[in-house]
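Readers should treat all values here as calculations from the given coordinates under stated rules, not as data from a laboratory. Source: prediction; values computed, not measured. In this analysis, Cβ positions are derived from the backbone assuming ideal geometry, glycine residues included, and neighbour counts consider all displayed protein chains.
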Amino acid sequence: MPIETQYPQAPFLLRKWRSWPSWNRWLVGIAAVLLIFAAIPTDQSPLTPTARAQAIDNLFSDKDGSNPHINLLIQSKLHEPDSYKHDITTYVDNGDHLVVTTIYTANNMFRKRVSGMAKVKLSMDGEVISVLQL
């Protein structure tokens, strides 16, 4: 039974569907499937808030709260690396990365104890993305 007899008010494209060439019907079908898949939302952040907090917590030492990658970076820039002492580390979560600020003390070239600060952009894997201040 033709669609026109079942639904006399059917849309124009639906009434003309059977008269279309087969490649047009395939094209419309593929476009419809692509639109359906494009409408399905993808989850950008698979971590729940508690799992994300745990992942961030694992980036820092339980002993003093420092990050080993940042410690190595700071020690490589010091005149006397053995004198490095970590004081405090704080971070700001920016979604895809962390901005970590570490305050430390070390000896300068005159053997005086001085305080310093390093600000680093850190990936969620714990790797240093860029050094903002050292």
Practice problem: Report the one residue of Ser130, Trp23, Leu98 whose Cα lies farthest in the direction of the positive end of the charge dipole of the range 20-134 (charges on C-beta: Lys and Arg +1, Asp and Glu -1; origin at the Cα centre). | Solution: Ser130
Practice problem: First select every other residue whose beta carbon is under 14 angstrom from the beta carbon of Gly116; then total the charges, Lys and Arg +1, Asp and Glu -1. | Solution: +3
